[in-house]
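Here's the structure we're looking at; comments come further down.
The values are calculated or read from the model by the stated rules, or taken from the named source; none is laboratory data. A quick note: this is a predicted structure, and the numbers were derived from the prediction, not measured. Cβ placement follows ideal geometry from the backbone for every residue including glycine, while neighbour counts extend to all protein chains displayed. Surface accessibility is based on the protein's heavy atoms, side chains included, excluding ligands, DNA and RNA. Shrake-Rupley method; radii C 1.70, N 1.55, O 1.52, S 1.80 Å.
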Amino acid sequence: MLRTILIYGVIGGLIAGGVLSVVVLNFEGATGQYGMAIGYLIMLIGLSTIFLAIKRQRDVAGGGVIRFLPALGMGLAISLVAGIVYAICWDLALATIGIDAFIDKFAGAMLEGKSGAELAKAQAEMEGFRTAYHNPFFRLPMTFTEIFPVGVIVSLVSALLLRNSRFLPAARVEEEQSSEA
């Protein structure tokens, strides 16, 4: 099971982190509300490996059965691995474009439409964020917390669905049932 967790976690993290890094590196204005929606959609696609891994564990290793807690545990472990890989991919993308260049784009999007005292307060917050974001002990856990809650939700849903052996049963189970009838 550890091998499955590592394989599916790395694949999920590479999909989410790699694709998101490519989007940020190649598309101007990938911040803001549409950027966030695209980012979370990419995370969901990458974390679909959780569902695939739990289903594979149920159908191949479990003989068509998996209980909720083992399925959830497997999903959370895959989320952990995927989150670490995602954070590393993001840090590599930041090294490519430069942390300050990213913060400038991010700050521009956050300061847009503000004026007066609200603008001054937001600018001060952005300067504090700039300082903190240069610290990898702040940046890496913050990046990890972007994807891990999504992984928790995907793990919960996958474990709930796949604990039912009749939900997307393995092909050989369907064949055995049809040959008995």
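Looking at (1) open to solvent by 20 Å² or more (accessible area, probe 1.4 Å); (2) β-branched (Val, Ile, Thr); (3) within 30 Å of ARG163 (Cβ to Cβ), which is the one condition that is false for THR49?
With (1) open to solvent by 20 Å² or more (accessible area, probe 1.4 Å); (2) β-branched (Val, Ile, Thr); (3) within 30 Å of ARG163 (Cβ to Cβ) applied to THR49, the lone miss is (1).
Go through segment 89-138 and give me each residue that's part of a loop (DSSP other than H, G, I, E, B), closer than 25 Å to MET43 by Cβ and open to solvent by 50 Å² or more (accessible area, probe 1.4 Å).
The first filter runs over segment 89-138 and keeps only residues part of a loop (DSSP other than H, G, I, E, B), leaving 98, 112-115, 134-135.
Next, only the ones that are closer than 25 Å to MET43 by Cβ stay: 98, 112, 134-135.
Residues satisfying the conditions are GLU112, HIS134, ASN135.
If the requirement is being closer than 13 Å to ILE147 by Cβ, without any contact (Cβ under 8 Å) to a residue 24 or more places away in the chain and assigned to a helix (DSSP H, G or I), which of these qualifies: LEU41, LEU20?
So the residue among LEU41, LEU20 that is closer than 13 Å to ILE147 by Cβ, without any contact (Cβ under 8 Å) to a residue 24 or more places away in the chain and assigned to a helix (DSSP H, G or I) is LEU41.
Of all residues in segment 151-180 being touching a helix residue (DSSP H, G or I) at 6+ places or on another chain (Cβ under 8 Å) and open to solvent by 80 Å² or more (accessible area, probe 1.4 Å), which is modelled with the lowest pLDDT?
Selected residue: LEU168.
I'd like to check something: does segment 3-13 contain any residue that is outside any helix (DSSP H, G or I), open to solvent by less than 50 Å² (accessible area, probe 1.4 Å) and on the phi < 0 side of the Ramachandran plot?
No, segment 3-13 has no match at all.
Determine if segment 56-79 includes at least one residue that is of a type in the set (Phe, Trp, Tyr), within 18 Å of SER158 (Cβ to Cβ), more than 10 Å from the chain's Cα centre (by Cα) and buried (at least 18 other Cβ atoms within 10 Å of the Cβ).
no
Determine, yes or no, whether SER48 is touching a Phe, Trp or Tyr at 6+ places or on another chain (Cβ under 8 Å), over 12 Å from LEU20 (Cβ atoms) and assigned to a helix (DSSP H, G or I).
Judged against the criteria, SER48 is not a match.
With the checklist (1) within 13 Å of the chain's Cα centre (by Cα); (2) β-branched (Val, Ile, Thr); (3) at pLDDT 95 or above in hand, flag the one item ILE42 doesn't pass.
Unmet for ILE42, out of (1) within 13 Å of the chain's Cα centre (by Cα); (2) β-branched (Val, Ile, Thr); (3) at pLDDT 95 or above: (3).
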